[in-house]
Amino acid sequence: MDKLRIKGGSRLEGRVRISGAKNSALPAMAASVLTAEEVTLDNIPLVNDIFTTRRLLRELGVAVEFEGDHSVRLRAEKILSHEAPYDLVKTMRASVLVLGPLLGRTGRARVSLPGGCAIGARPINLHIKGLEKLGATVHTEHGYVEACSDRLKGAEIVFDKITVTGTENLMMAAALADGQTVLQNAACEPEIVDLAEMLKKMGARIQGAGTPTITIHGVQELHGTSHRIIPDRIEAGTFLVAGAMTHGELELIDSNPGHLASVIEKLRETGVNIETAAGRVKILGNGNLKSADVITSEYPGFATDMQAQYMALTTQTTGTSMITENIFENRFMHASELMRMGANIRIDGSRAIITGKTRLSGATVIASDLRASASLVLAALVAEGHTLIDRVYHLDRGYEKIEEKLQSVGAEIERLK
Ligand code: EPU
């Protein structure tokens, strides 16, 4: 298993190109199942979750070919299997994103239940409830969700709770349903808007994506398209925190500052200077960072996917910061590893209270999930001495060539095979 070794203390300076959004690319690839024609996607991040999705789609009978620089061509001429097997779903829970498209296109889907993961229970009951509203019969047996239907029928669906992949699954299924579907209390994340834009280019009739009410008029069939994936706002946010923590000067190119508003506002509150322009964000560090509280919430609030990285930052700000995690019930696994590096953190239910500024010292630490890993990398960048991060495969699921990008702006980081 690969490890990362990082020597702390370097000031980061230079330019970083932000990759395409993993959480946009995953539903976009799943959406290729909705049509027999070819779909081309550009700006695909070359991360392991994308390669897992390639394996999954190939098992369903989709031809998937990567070509050139970050492009993928997909063609689901015939669906040969209706199953997302346990082996793949347990590696990547976003595999459940084939449920809606398979059911919409073929009237059949069998998808392993994902089960809990490092950050929470993460059920998919709202995906299932929504599909039932569209007329599907759904059984859970032997750890699998089995759904079948004749052509799905449009319906009004009110989500009990805002769910990102749930909204995506329902939007894809409803695109081929008979009649009108209205999704209420839908997720508003930029990744939802990106998927809706792609589906519209395929011939879907969707209004309101990016607001809590999305209306979908089902069509008979969808056709091929080409689509460019939006920039990864979480990767960009992670590099902004790296700039802030190392008092550096980083310019992020191919990013979308509009999607980063809550992160930029919070970082400015801690005292850093951030300038934005079309497709670019520039951060100028400040040696005297101040504490600031954060509450995670759905978009446009502060993303739970930035919470761990922000916690690493608060170890380096002066004063006490309180972080309230409102989306997942167990997303503070990084705190104990940060404490092993010297951080002063107290966890009280869904709240973490961090007192800074503390001197961090390099240690051997274990990454528990994707964003937790990112927070350990950030802490290591300012820790005294060497940090060895184990289980880097979590990081490789969602950050493209993170060590190369960090090296290019001056970090001392190497991958040990
Ligand atoms: N929930 C339910 N029932 C459901 C669905 C969700 O109770 O049927 C709950 C979840 O347990 C959670 C909350 O609703 O407490 C929100 O979960 P959501 O469904 O929005 O999460 P997700 O769609 O599984 C996506 C991202 C996550 C990100 C969350 C929240 C993808 C592929 N994944 O997950 O990304 O944290 O939205 O923004 O889009 C990551 O990239 O590191 C990551 C974990």
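Looking only at Cα atoms, what is the convex hull volume of the chain per residue, in Å³?
So the per-residue Cα hull volume is 121 Å³.
Just to confirm the number: angle between the C-alpha axis of helix 22-31 and the first principal axis of the chain, 0 to 90 degrees, nearest 10?
Approximately 10 degrees, to the nearest 10.
Roughly how much of M339 is accessible, in Å² to the nearest 10, using a 1.4 Å probe?
Near enough 80 Å² of accessible area.
To the nearest 10 square angstrom, how much accessible area does D348 have with a 1.4 angstrom probe?
D348 has an accessible surface of roughly 90 Å² with all protein chains in place.
Report, in degrees rounded to the nearest 10, the 0 to 90 angle that the Cα long axis of helix 370-382 makes with the longest principal axis of the chain.
With both axes taken from Cα atoms, the answer is about 20 degrees.
Under a cut-off of 24 Å between alpha-carbon atoms, report the lysines in cross-link reach of K3, not counting same-chain residues fewer than 8 places apart.
Answer for K3, where 24 Å is the Cα cut-off: K22, K90, K401, K405, K417, listed by chain and number.
Is there a quick way to get the dipole size of the chain? I mean about its Cα centre, with the Cβ of Lys and Arg at +1 and of Asp and Glu at -1; what is the value in debye to the nearest 20?
Charge dipole, the chain, about its Cα centre: 480 debye, nearest 20.
Quick check of the Kirkwood formula: for segment 49-159, what is the inverse mean of 1/r over all pairs of different Cα atoms, in Å?
Details: mean 1/r = 0.0677 Å⁻¹.
Result for segment 49-159 stands at 14.8 Å.
Enumerate by residue number the GluC sites (Glu not before Pro) in segment 245-351 meeting two conditions: DSSP loop (anything except H, G, I, E, B), and at most 15 other Cβ atoms within 10 Å of the site's Cβ.
On the way: sites: E249, E251, E265, E269, E275, E298, E325, E329, E337; in loops: E298, E325, E329.
Qualifying residues, ordered by number: E329.
Could you list, bin by bin from short to long, the percent of Cα-Cα pairs of segment 138-291 in 5 Å steps?
2, 9, 15, 15, 13, 12, 10, 9, 7, 5, 3, 1, 0
Looking at the P(r) of segment 327-377, how many percent of alpha-carbon pairs lie beyond 13 Å?
On the way: 719 of 1275 pairs.
Percent of Cα pairs beyond 13 Å in segment 327-377: 56.
Ignoring everything but the protein chains, give the 1.4 Å probe accessible area of E221 in square angstrom, nearest 10.
140 Å²
If you average the C-alpha positions of segment 188-235 and of segment 45-93 separately, how far apart do those two centres end up, in angstrom?
Between the Cα centres of segment 188-235 and segment 45-93 lies a distance of 20 Å.
Round to the nearest 10 and give me the degree value, 0 to 90, for the angle of helix 164-175's Cα axis relative to the longest principal axis of the chain.
Between helix and principal axis, roughly 20 degrees.
Sticking to Cα atoms, compute the Rg of segment 220-317 to one decimal and its Dmax as the biggest Cα-Cα distance, whole number, in Å.
Expressed in Å, the Cα Rg and Dmax of segment 220-317 come to 15.2, 59.
Would you mind checking the radius of gyration and Dmax of segment 306-417 based on alpha-carbon positions, in Å?
Gyration radius and largest Cα-Cα distance of segment 306-417: 13.4, 39 Å.
Could you calculate, for segment 195-249, the ratio of the Cα radius of gyration to the Kirkwood radius, expressed as Rg to Rh? Don't skip to the end; give the middle numbers.
Values: Rg = 17.6 Å, Rh = 14.1 Å.
For segment 195-249, the value is 1.25.
Taking a cut-off of 16 Å between Cα atoms, list the aspartates and glutamates near K153, but don't count ones fewer than 8 places away on the same chain.
Excluding near neighbours in sequence, the set is E132, D178, E221.
The values are calculated or read from the model by the stated rules, or taken from the named source; none is laboratory data. Worth saying up front: this structure is predicted, and the values here are computed from it rather than measured. All Cβ positions, even for glycine, are placed from backbone atoms using ideal geometry, and neighbour counts span all protein chains on display. Note: areas computed on protein heavy atoms with side chains; ligands, DNA, RNA excluded. Shrake-Rupley method; radii C 1.70, N 1.55, O 1.52, S 1.80 Å.
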